[in-house]
């Protein structure tokens, strides 16, 4: 990738809502999360997240997030596809820019961000690194 952005991602308090529960099986939940990005990416994200919570507390999650703001001084929006897992005491995720999702000055954005966080609560935060290219 051509450039690297770093910063902090903070999410507002949220609570996953179960939609499929089976005795002895994992719980499927969904939730809406508002994320705030600061640093090289200054933006707000609207994330729809699906979570599978296993008996040991491990929770793989996936989602789509519309991110609106500025990256490297360029204004617009784009969509991240998230793929991550929460384990007791830690969370990690890969956020991939959905191809052709950029708007405004962020049209043509490509890349991938990653974070690992020890603050995994419903109102936590994480440091991110975003490797990207922008036409």
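The values are calculated or read from the model by the stated rules, or taken from the named source; none is laboratory data. Keep in mind that this is a model prediction, so the values were computed, not measured. As a convention, Cβ positions derive from the backbone with ideal geometry for all residues, glycine included, and neighbour counts pool all protein chains shown.
Please enumerate the residues belonging to the stretch 78-114 that are over 12 Å from the mean Cα position of the chain (by Cα), at pLDDT 95 or above, surrounded by fewer than 20 Cβ atoms within 10 Å (Cβ to Cβ) and part of a strand (DSSP E or B).
Of everything in the stretch 78-114, those that are over 12 Å from the mean Cα position of the chain (by Cα), at pLDDT 95 or above, surrounded by fewer than 20 Cβ atoms within 10 Å (Cβ to Cβ) and part of a strand (DSSP E or B) turn out to be 103, 104, 110.
So, in the stretch 126-135, exactly how many residues are surrounded by fewer than 18 Cβ atoms within 10 Å (Cβ to Cβ) and within 11 Å of the chain's Cα centre (by Cα)?
0
Check off (1) surrounded by fewer than 18 Cβ atoms within 10 Å (Cβ to Cβ); (2) at pLDDT below 95 for residue 117 and give me the number that stays unchecked.
(1)
Just wondering, is there one or more residues in the stretch 121-128 that are without any contact (Cβ under 8 Å) to a residue 24 or more places away in the chain and part of a strand (DSSP E or B)?
Looking through the stretch 121-128, none of the residues is without any contact (Cβ under 8 Å) to a residue 24 or more places away in the chain and part of a strand (DSSP E or B).
Does residue 69 satisfy being crowded, with 16+ Cβ neighbours inside 10 Å and under 14 Å from residue 115 (Cβ atoms)?
Answer is no for this residue.
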